[in-house]
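The values are calculated or read from the model by the stated rules, or taken from the named source; none is laboratory data. Fair warning: this is a prediction, and the values are worked out from it, not measured in the lab. With ideal geometry, Cβ positions are generated from the backbone for all residues, glycine too; neighbour counts draw on all protein chains shown.
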Amino acid sequence: MSFTRIATACSALMLGQGCFVIADLNAYEVDEGCDFEMELQEFQPHVEERMAFRIVEPGEEGQPSSLRALAVFETLGAPNLGFVLPNAVPPGRHDVDFFADRENNGYDDPPTDHTWTIEDVCADPPNVFPHLFDFSVLEDPTRLDRDLRIAFTGMGDGMGRAMEVRVGLSAEGPGGIEVERTVGLYRISAIRRSEFEVRLTGILDRDFLYVVSIWVDLNQNGTYDNPPTDVSWRFPVAGINAEQVQFNPDNRNDDVTRLSGNLVTFR
Ligand SMILES: [Ca+2]
Ligand SMILES: [Ca+2]
């Protein structure tokens with residue numbers, strides 16, 4: 001079954017009990033922390049590279065920092081772009097450590113990778129950041145005990161299209177699942193294979209329930225459009241099971257989402 005047929009089928013089900021409309025990710029209520037708002041400028045050297053952004057809580061003296069949220073761009077895809085992770089920064093001072101993974105082999109100290117830190121991300125958002133050659137050695141943060149690993153198959157209909165995976169920490173509220181905090185974003189600028197894996201390391205706790213939203217920019221306009229123009233899915237994942245998630249659009253009967261607005265925007 002194609003992406004489009006899945007979306008149409010589930011849209012019809014929305015009238016009944018099979019699907020439900022999700023909360024607007026851009027409309028999270030922000031607690032004492034803030035949205036993580038980042039704006040990159042003139043990142044031409046890294047358009048074809050993987051980039052990772054870690055929101056970290058600095059440790060007490062001599063202690064390592066702790067990872068609180070993670071955004072990965074596989075690849076960056078554009079020299080000028082902004083993104084917002086709704087309510088991703090918890091209360092208290094948090095920094096963002098980010099790097100361009102120049103050999104696609106994970107973090108290396110500069111100048112092998114290009115690496116930067118912005119302190120206190122909630123102080124003056126958005127964090128507008130022109131490309132600089134003033135690099136910081138990044139600390140390896142303490143992580144939570146679970147990765148999110150999604151094995152994608154049957155993604156041939158999305159070939160060449162951008163795809164996003166969003167991960168929210170969920171709390172159950174009246175009327176069903178309610179997403180409260182963004183802990184992960186994984187963006188693929190163009191799907192290259194029908195089978196691949198997405199992995200966000202150390203952002204989940206085994207004892208919590210999360211909500212994963214996935215969308216594919218089927219019409220390639222760089223903007224999220226409600227199904228069936230684009231396709232999107234949403235499903236809960238328990239932290240304990242987060243390292244063995246299987247995703248094949250032909251085999252799933254998840255709730256089709258109607259996200260509103262993009263987390264990532266190109267300038
Ligand atoms: Ca590297
Ligand atoms: Ca679109």
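Brief remarks on what is shown
- Across the range 188-213, the qualifying residues are those that are within 16 Å of ligand 2 (Cβ to nearest atom), part of a strand (DSSP E or B) and at pLDDT 95 or above, and the one among them that is nearest to the chain's Cα centre (by Cα) is Ile188.
- Test: residue in the range 235-258 that is touching a strand residue (DSSP E or B) at 6+ places or on another chain (Cβ under 7 Å) and within 23 Å of Ala78 (Cα to Cα): no
- Against the test of being among the acidic types (Asp, Glu), within 13 Å of ligand 2 (Cβ to nearest atom) and crowded, with 18+ Cβ neighbours inside 10 Å, the options Asp230, Asp225 yield a single qualifying residue, Asp230.
- Whenever a residue of the range 234-254 is within 16 Å of Asp147 (Cα to Cα), its partners that are part of a loop (DSSP other than H, G, I, E, B), lying with C-beta atoms within less than 6 angstrom and at least six residues away or across chains, give the pairs Gly239/Asp205; Gly239/Arg206; Gly239/Phe208; Ile240/Arg206.
- Yes/no for Gly77 being of a type outside the set (Ser, Thr, Tyr), touching a strand residue (DSSP E or B) at 6+ places or on another chain (Cβ under 7 Å) and not assigned by TED's automatic domain parsing to the domain that holds Ser232: no
- Of all the listed residues (Leu185, Leu169, Leu218), the sole one being in contact (Cβ under 8 Å) with a residue 24 or more places away in the chain, assigned to a loop (DSSP other than H, G, I, E, B) and either under 24 Å from Val84 (Cα atoms) or more than 16 Å from ligand 1 (Cβ to nearest atom) (or both) is Leu218.
- Residue, surrounded by the most Cβ atoms within 10 Å (Cβ to Cβ), within the range 103-130, restricted to residues that are among the polar types (S, T, N, Q) and within 8 Å of ligand 1 (Cβ to nearest atom): Thr112
- Scanning the range 92-102 for any residue that is in contact (Cβ under 8 Å) with a residue 12 or more places away in the chain, surrounded by fewer than 21 Cβ atoms within 10 Å (Cβ to Cβ), over 18 Å from the mean Cα position of the chain (by Cα) and farther than 24 Å from Phe133 by Cα turns up at least one such residue.
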